[in-house]
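Input: a single structure, listed below in structure tokens.
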Amino acid sequence: MFTDVEGSTRRWEADAAGMRAALAAHDEVLCRAIEEHGGWLFKHTGDGVCAAFASPRSAVDAAVAAQRALELPVRMGIATGEAELRGADYFGAVLNRAARVMAAGHGGQILLAQSTAVLISGVDLVDLGPRRFRDLPTAVGVFQVRAAGLRMDFPPLRALDASPGNLRPAVTSFIGRESEVAEVQAAVKAHRLVTLTGVGGVGKTRLAVEVAARLADEYPDGVWFFELAAVTDPAAIPDAVAAVLGITQQPGRSVSDSVAAALEGRLRLLVFDNCEHVLDAAGDLIEAILAQSATAKILATSREGLGVADEHLWPVPSLGVGTGIDSSAVTLFGERAQAVAPHFSIVNEADAVVEICGRLDGIPLAIELAASRMASMTASEVRDRLGHRFRLLVGSRRGLQRHHTLRHAVAWSYDLLDEDEKSLLDRCSVFAGGFDLQSACAVAGFDDSDDYALLDLLDSLVRKSLLVADRSSERTRFSMLETIREFAEEQLVAHGEATVARTAHARYFAGRETDIMALWDSPRQREAYAWFTLELANLRSAFRFAADHGDLDTAITVAVYAPLLGIWLEQYEPSAWAEEVIEAAKVVEHHRLAQLYVAAAMCYASGRIDDAIDYTEAGLVVLESGRFDQPSHDSEAWLGGVYLAKGSPERWVEVCRNAFKRSHSAFSRAFLVVALTMTGADEEAIALSDGLVAAADATTNPCRACYILLADGIVRRKVDPAAAYEAHRRGLQIAQDSGNRYAESYHAANLARLAATHAEAMDALGFITVTIRNYRDSGSLSMLPGALAVLATFFDRIEHYEPAATINGFAATPFTRTTYPEFNATITHLRDVLGDQTYESLARKGETMTTAAMATYAYNQIDQARTELERPKS
């Protein structure tokens with residue numbers, strides 16, 4: 001049990017004498033309560049104490065007794081676990097948890113970690129949910145003790161890290177539906193899959209976002225939102241979800257299985273929005289996730305159920321209109337109308353507004369579309385037009401009436417547009433995941449040298465609620481509600497303009513290659529990565545249309561440059577696009593064939609070693625023929641890296657030599673230096689590395705600087721550890737500043753290797769945690785063993801032999817044995833220390849662990865090592 005007086009500094013400053021007397025009384029109360037309940041007060045910590053108890057119930061009873069008698073506001077935290085006794089003090093991970101739990105509370109509050117709560121009965125506890133604490137790798141369940149005489153109303157827990165995830169705050173107010181929110185929250189807690197169903201525009205997405213936001217604190221691994229409306233190809237659903245989560249395909253597994261495996265053991269709420277057009281594909285992926293992860297919860301929206309086992313369907317009703325002017329539907333109309341017409345008053349046109357909402361069945365989208373017309377019409381004028389528009393619905397069944405009501409609300413709003421507005425809306429329906437002014441100019445056929453005409457049209461469509469403008473970044477981004485996008489797309493097809501618009505869309509994104517790669521090859525590289533992340537859905541759609549419709553030049557362009565951006569973000573989906581068009585490119589001997597092979601060979605980073613070997617060998621033949629365009633941006637250097645993973649570093653050296661002869665760039669020289677080091681050709685590598693740091697300083701490309709510094713750090717690791725450490729430290733900073741996750745992982749791993757022997761052990765733990773986290777979160781499971789090999793070697797050095805041997809069992813691969821030669825020495829030493837039989841037993845234990853289990857084990861061992869290293873030395 002840890003205790004602390006809240007606001008003690010302020011009390012000392014205000015009344016030192018009074019605080020001195022109050023603290024003496026405080027000490028007496030705590031000592032008596034602890035002693036009477038069989039506890040041992042083993043440490044005073046300023047204004048608090050630390051005590052150990054023989055049982056969880058004794059600790060809780062002591063805390064309750066003390067709180068009832070204390071006059072100062074004291075916060076208390078209790079955790080249960082094994083601790084190590086040294087002299088008159090305790091050490092261990094459980095003390096960290098008790099301290100963190102206490103620090104999150106408030107004066108008068110008693111908080112329990114889940115490790116204590118599950119062991120006691122007969123105590124009234126309030127479940128505050130799992131919380132993420134500073135320096136603790138996994139979430140801790142927190143409970144509050146409720147007892148007679150104790151205060152119960154406290155502010156939210158503090159000093160907690162924000163939950164990860166990508167759920168953005170809603171841009172509009174949430175009106176009504178409070179009972180629906182409560183019911184859906186309860187359903188999500190009771191079921192693993194809840195699907196909100198209903199007609200398009202009824203408010204499924206808005207309700208799902210509100211529920212997810214209110215539940216966010218209960219999911220320490222985050223709430224993740226997947227907008228599936230932007231994915232038109234059902235086969236791309238797993239890739240789209242993996243892209244949002246930053247997960248890469250694992251060797252020998254499908255993308256769906258890779259996503260499911262990476263989610264194992266994670267407390268996440270996944271929101272799949274707009275599943276209806278990819279129902280089977282979404283259902284298959286969700287089914288795979290639920291089969292493999294017992295901790296993930298899923299909230300989906302769709303016009304119909306997914307048909308997955310154990311699915312709980314929750315139909316979303318329309319907004320109520322029965323209470324007239326006080327109804328949620330009328331309130332929604334009034335608020336949205338005032339947004340476009342500030343002086344609009346429901347009171348003045350109450351009857352007309354109530355009738356509009358009733359005739360629109362209380363469907364939010366239809367109501368918002370009607371309200372948007374208040375900028376230029378009266379409510380009575382809108383009401384009078386409704387009768388004409390919905391004449392066909394008289395006598396229809398209710399289900400069809402709702403569908404047609406929404407559809408005709410969209411059609412009615414669409415028909416009120418002028419021809420230029422209609423044309424622009426139709427053409428913009430081809431975008432996946434949104435668009436900006438420049439891309440709209442290209443697809444709509446406007447001259448971007450004079451974009452004011454287009455700006456006026458976009459502004460008009462935003463004001464009429466047919467487009468949504470996101471101004472949260474420097475460049476405004478536009479998007480459509482999916483129902484409107486579908487309607488506009490139908491009009492585009494009906495007018496025979498779909499092929500023209502989609503061709504313009506695909507060629508626009510192919511045409512961005514020069515500008516985006518120039519941005520990448522500059523100090524503004526982070527902006528190129530941000531653009532790639534933002535436009536991945538559009539790039540995917542552009543490639544798919546071009547590939548399916550025989551526009552080979554366009555498809556190849558996208559398939560060449562997208563992988564060059566994606567690999568540095570550990571996003572390998574575009575590499576598969578290059579693979580798809582290689583055969584067609586070979587038939588016509590396309591001039592960019594060599595570049596396609598480079599992009600395809602990048603699949604080795606996701607663990608597909610044999611395929612990457614094939615692409616590399618074929619690519620080298622094409623390159624050496626001299627009949628095709630040379631790879632740009634030094635990307636040829638990527639060819640051959642797969643040989644390291646295959647355990648053939650000598651072949652990599654050969655490939656790198658040839659690449660360096662062709663380009664003579666510092667980047668290709670850096671690759672050759674690394675390859676030589678891996679084969680033990682240290683003297684040649686060191687000689688070749690002369691001037692690398694100067695080259696890193698001279699380049700304005702952060703990515704090149706990162707890799708050049710990586711090579712310099714690797715080659716100097718043995719001869720000048722201090723210089724190597726500085727090179728990796730600089731490289732890590734550049735990688736983090738520029739958003740280069742690939743380089744960040746590599747530099748952090750090498751810093752951990754150096755820090756373990758040449759710097760601070762705590763630094764080593766920090767660096768290796770970064771690397772493990774990156775590979776674990778992205779699902780780069782073929783790279784994860786390398787990070788764990790570094791950790792195992794570190795544990796061996798600090799004499800944590802059992803965890804070192806256990807982790808070794810998981811980490812031993814041809815890649816780790818080649819890349820980290822000290823790993824082989826670690827295995828030999830552990831066998832000597834533990835004996836072959838014990839080592840083999842521990843290694844088998846690690847080898848059979850799942851990735852999630854091994855990551856959790858590693859985090860726990862890191863936590864224990866950090867605790868031990870933080871102890872003051874006697």
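The values are calculated or read from the model by the stated rules, or taken from the named source; none is laboratory data. Just so we're clear, the structure is a prediction, and the values are computed from it rather than from any experiment. Because the Cβ atoms are built from the backbone with ideal geometry, glycine has one as well, and the counts that use them run over all protein chains shown. Just so you know, the surface numbers come from the protein's heavy atoms only, side chains and all, with ligands and any DNA or RNA stripped out. Shrake-Rupley method; radii C 1.70, N 1.55, O 1.52, S 1.80 Å.
Across segment 611-623, the qualifying residues are those that are of a type in the set (Val, Ile, Thr) and surrounded by 18 or more Cβ atoms within 10 Å (Cβ to Cβ), and the one among them that is farthest from residue 816 (Cα to Cα) is 622.
For segment 435-473, the candidate set comprises residues that are out of contact with any Asp or Glu (no Cβ under 9 Å at 6 or more places or on another chain) and among the basic types (Lys, Arg); within that set, the residue that is most open to solvent (accessible area, probe 1.4 Å) is 471. Please find, among 686, 613, the residue that is over 28 Å from residue 248 (Cα atoms) and either of a type in the set (D, E, K, R) or in a helix (DSSP H, G or I) (or both). On inspection, the qualifying residue turns out to be 686. The helices (runs of 4 or more DSSP H) falling completely within segment 752-845 that include 3 or more residues that are modelled with pLDDT under 95 and open to solvent by 50 Å² or more (accessible area, probe 1.4 Å) map to 761-778, 822-834. The set of residues from segment 203-220 being of a type in the set (Gly, Ala, Ser) and not in a helix (DSSP H, G or I) comprises just one member, 203.
Here residue 19 fulfils each of the conditions (1) at pLDDT 90 or above; (2) over 19 Å from residue 103 (Cβ atoms); (3) of a type outside the set (S, T, N, Q) apart from (1). Of the residues 503, 499, 476, 483, the single one that is of a type outside the set (A, V, I, L, M) and either under 16 Å from residue 418 (Cβ atoms) or open to solvent by 60 Å² or more (accessible area, probe 1.4 Å) (or both) is 499. From the residues in segment 701-723 that are open to solvent by 30 Å² or more (accessible area, probe 1.4 Å) and not in a helix (DSSP H, G or I), which one is nearest to residue 755 (Cα to Cα)? If we take residues in segment 701-723 being open to solvent by 30 Å² or more (accessible area, probe 1.4 Å) and not in a helix (DSSP H, G or I), then 717 is nearest to residue 755 (Cα to Cα).
Residues checked against (1) at pLDDT 95 or above; (2) open to solvent by 10 Å² or more (accessible area, probe 1.4 Å); (3) farther than 23 Å from residue 707 by Cα:
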site: 603; (1), (2), (3): no, no, no
site: 609; (1), (2), (3): no, yes, no
site: 625; (1), (2), (3): no, yes, yes
site: 628; (1), (2), (3): no, yes, yes
site: 634; (1), (2), (3): no, yes, no
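Return a yes/no flag: does segment 112-119 have any residue that is surrounded by fewer than 18 Cβ atoms within 10 Å (Cβ to Cβ), of a type outside the set (Gly, Ala, Ser), more than 24 Å from residue 47 (Cβ to Cβ) and touching a Ser or Thr at 6+ places or on another chain (Cβ under 8 Å). Yes, because at least one residue in segment 112-119 is surrounded by fewer than 18 Cβ atoms within 10 Å (Cβ to Cβ), of a type outside the set (Gly, Ala, Ser), more than 24 Å from residue 47 (Cβ to Cβ) and touching a Ser or Thr at 6+ places or on another chain (Cβ under 8 Å). Would you call residue 125 open to solvent by 50 Å² or more (accessible area, probe 1.4 Å) and among the hydrophobic types (A, V, I, L, M, F, W, C)? Judged against the criteria, residue 125 is not a match.
Set side by side, the residues 672, 644 differ, and just one is in a helix (DSSP H, G or I), of a type outside the set (Asp, Glu) and open to solvent by 10 Å² or more (accessible area, probe 1.4 Å), which is 644. Taking the criterion of being in contact with a strand residue (DSSP E or B) (Cβ under 7 Å, 6 or more places away or on another chain) and of a type in the set (S, T, N, Q), the only residue of segment 829-874 that qualifies is 867.
Residues that are part of a loop (DSSP other than H, G, I, E, B) and not basic (Lys, Arg) were ranked within segment 188-202; the one that is most open to solvent (accessible area, probe 1.4 Å) is 191. Residue 171 meets all of the listed conditions (1) modelled with pLDDT of 80 or more; (2) of a type in the set (Val, Ile, Thr); (3) open to solvent by 40 Å² or more (accessible area, probe 1.4 Å); (4) more than 22 Å from residue 267 (Cα to Cα) but one, namely (1). Those strands (runs of 3 or more DSSP E) of segment 236-354 in which 2 or more residues are over 21 Å from the mean Cα position of the chain (by Cα) occupy 311-315.
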